[in-house]
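Reading through the structure tokens given below for one structure.
FYI, it's all coordinate maths here, none of it is from the lab. Quick caveat, the model's predicted, so the values are computed rather than measured. Here the Cβ is made from the backbone with ideal geometry for all residues, glycine too, and neighbour counts use every protein chain on show.
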Amino acid sequence: MKTQLDELTSSLLKQLQNLNKEVEQQEVGRVLTVGDGIVTADGLDGVVSGELVVFPNGTEGMVLNLETNAVGIILLEEDGDIKEGVLVRRTGKVTSVGVGDALLGRVVNPLGMPIDGLGEIKHTKFRAIERVAPGVMERKSVSNPLQTGIKAIDAMIPIGRGQRELIIGDRQTGKTSIAVDAIINQKGQNMYCVYVAIGQKNANITQLYHTLEAAGAMEYTVILTAGASELSPLQYIAPYAGCSIAEEWMEQGKDVLIVYDDLTKHAISYRTISLLLRRPPGREAYPGDVFYLHSRLLERAGRLNEEKGGGSITALPIIETQAGDISAFIPTNVISITDGQIFLQTDLFNAGQRPAIATGLSVSRVGGSAQKAIIKKLSGTLKIELAQYFELQSFSQFGSSVDDYTKSILNRGRKIQDLLKQQNNNPLSMVEQVFILFAIKEAYIDKIPDVLIFDFEKSLLDFAKVNSADLCNKIIDNPELTDEIKIEIAATLDAFMEIFSLKITNLDN
Ligand code: ATP
Ligand code: MG
């Protein structure tokens with residue numbers, strides 16, 4: 001009897017011990033390998049992908065790879081103490097970022113922690129960095145414009161709130177400048193901005209901060225950065241974290257602009273992580289799921305319907321190309337995910353055509369319906385005129401004599417191109433754009449000599465500001481090209497031309 005009882009007790013004890021071990025195995029693991037910000041560990045059987053795990057000294061990691069006998073973890077902080085054999089514990093939480101208005105005016109890392117030395121941020125709310133994008137039924141089509149303040153974009157490649165517009169071009173072609181101008185131009189537009197910097201130098205971020213600060217744009221902006229010296233995992237989670245910050249505001253019914261600068265470096269950080277996790281490389285050595293990487297990010301942008309509060313996220317992802325090759329793997333992926341692209345070209349940039357937008361290759365697929373009616377009316381034929389100009393320009397290079405019709409198209413095209421030039425950090429208001437576009441459309445510019453075209457633009461804007469303040473307010477209140485407004489703008493331009501023609505005659509003498 002006694003032996004039977006003993007047997008029973010010991011068997012029960014054994015089972016209990018095993019149970020404990022199982023629970024322990026579910027919750028705690030042991031590091032197998034470590035290097036380059038990547039840890040593999042066994043145990044942790046119950047862990048889920050995207051879960052946060054912690055090491056004994058408090059360092060956090062995120063689970064990315066689930067294999068039969070081990071899991072792959074990316075480290076969210078640099079840590080020399082993690083060695084083979086160290087324990088790692090589940091937290092049951094997914095990786096999150098602090099969100100909310102306390103972030104405005106700050107520079108933070110992808111976990112929402114300040115790195116600007118301006119003191120602690122007391123987060124009251126956290127959001128998971130990954131989330132399923134809003135469904136089709138929760139969305140509404142794009143119908144409000146997002147004015148970038150850049151003439152060429154607002155006139156020919158208009159962006160709407162909730163749109164995803166790619167900025168693409170080689171290095172040093174003015175990609176960042178376009179995004180930064182768009183942020184600066186949101187002042188007083190009831191817009192929140194998130195600038196996500198991936199793999200950039202700290203010096204660039206400092207400069208950007210000062211530019212935005214000087215323009216008064218930091219009041220409604222947060223900069224989230226995972227620098228070039230940071231681990232690849234941080235660069236990898238940066239855009240998702242930025243998007244979560246934007247989502248919080250969108251769900252409060254606000255309009256948000258988010259810039260991802262740039263997704264090329266993001267794809268590279270993901271490639272690094274994947275190769276270290278020993279995932280099989282595919283095309284151009286990127287893992288097979290790299291398309292999903294960017295599509296699940298950009299799908300989170302959009303505009304919510306009224307029941308959901310009507311907020312929006314407009315995304316401006318940036319992609320860097322090599323030698324203008326937009327047909328490479330990552331560029332084609334992102335082009336297919338977005339609602340259009342602004343293509344910047346090195347030769348235009350070097351020729352002084354800045355912003356260096358290749359109008360023929362740039363499109364906006366949804367923004368047209370959101371464009372202000374008056375801008376839309378005035379800029380309707382601009383793209384076609386420019387296309388004609390470029391065609392005739394290359395054609396006329398061969399022959400010396402051109403007929404009058406060709407001459408007039410070349411003459412106009414050249415002036416339009418000049419008027420589309422614009423310094424960075426110098427966004428123009430909608431009204432200012434109206435005057436310039438009107439002067440183009442109604443052929444006022446045809447009479448202006450090339451050397452005076454910039455003078456013409458500047459003087460016209462000054463003149464309108466001083467002499468037609470009422471008209472400017474009228475256009476702001478009702479941005480439509482009614483017959484009455486048309487007559488008034490024409491009257492302003494006629495009055496201006498009377499003064500400006502003196503300069504032209506002076507030039508002739
Ligand atoms: P990178 O590939 O290094 O990120 P980028 O394509 O983002 O470069 P920017 O940094 O925006 O390019 O611009 C490159 C340089 O060109 C900067 O010095 C900037 O001041 C200048 N620049 C950009 N846009 C204009 C413009 N419209 N007019 C004059 N200068 C400009
Ligand atoms: Mg840049």
Taking the chain as the reference, fit the longest principal axis to its C-alpha atoms, fit the long axis of helix 453-467 to the helix C-alpha atoms, and give the angle between the two in degrees, 0 to 90, nearest 10.
90 degrees
Return the percentage of antiparallel bridges among DSSP beta bridges fully within the chain, rounded to the nearest 5 %.
55 percent
Between helix 263-276 and the chain: long-axis angle, C-alpha atoms, 0 to 90°, nearest 10
20 degrees
Quick check on the exposure proxy: order Glu498, Glu60, Glu213 from fewest to most C-beta atoms within 10 angstrom.
Glu498, Glu213, Glu60
Fewest first, what order do Ile115, Ile453 take by the number of other Cβ atoms within 10 Å?
Ile115, Ile453
Identify all aspartates and glutamates with a Cα-Cα distance to Lys447 below 19 Å; exclude those on the same chain that are fewer than 8 residues away in sequence.
Glu385, Asp403, Asp404, Asp418, Asp455, Glu457, Asp494, Glu498, Asp508
So the FRET efficiency between Glu213 and Leu87, C-beta based with R0 = 30 Å and rounded to 0.05, is 0.10
Checked the chain with the C-alpha gyration tensor, a ≥ b ≥ c its square-rooted eigenvalues, rounded below a/c of 1.5, otherwise prolate if a/b is larger than b/c and oblate if not; verdict prolate
Take the alpha carbon atoms of the stretch 214-329, find their radius of gyration, then divide it by 2.2 N^0.38 Å using N residues; give the quotient.
1.19
Roughly what % of Cα-Cα distances in the stretch 193-259 sit above 14 Å, to the whole percent?
59 percent
Highest mean first, what order results for 98-105, 266-273 on Cβ atoms within 10 Å?
266-273, 98-105
Return a whole-number percent for the relative contact order of the chain, with Cα pairs under 8 Å and 6 or more residues apart as the contact set.
15 percent
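Can you compute the charge dipole magnitude of the stretch 1-158 about its Cα centre, using +1 on each Lys and Arg Cβ and -1 on each Asp and Glu Cβ, nothing else charged? Give it in debye, rounded to the nearest 20.
660 debye
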When the helices in the chain are scored as -39500 (n - 2.57) per DSSP H run of 4 or longer and the sum is shared across all residues, what 222 nm value do you end up with, to the nearest 500 deg cm²/dmol?
-13500 deg cm²/dmol
Gain in length, Thr9 to Thr332, computed as 0.36 nm per residue apart minus the alpha-carbon separation, to one decimal in nm?
109.6 nm
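Mind checking the dipole of the chain: about its Cα centre, +1 per Lys or Arg Cβ, -1 per Asp or Glu Cβ, Debye to the nearest 20? Working shown, then result.
Details: 50 positive and 64 negative charges, 86 e Å.
Approximately 420 debye in magnitude.
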Quick one: helix 175-184 against the long Cα principal axis of the chain, what's the angle to the nearest 10°, folded into 0 to 90?
80 degrees
Answer with one residue from Leu361, Ser394, Leu224: the one whose Cα lies farthest towards the positive end of the charge dipole of the chain, charges on Cβ with Lys, Arg +1 and Asp, Glu -1.
Leu361
Cβ under 12 Å from Arg131's Cβ, Arg131 left aside: what net charge do those residues give with Lys, Arg +1 and Asp, Glu -1?
-2
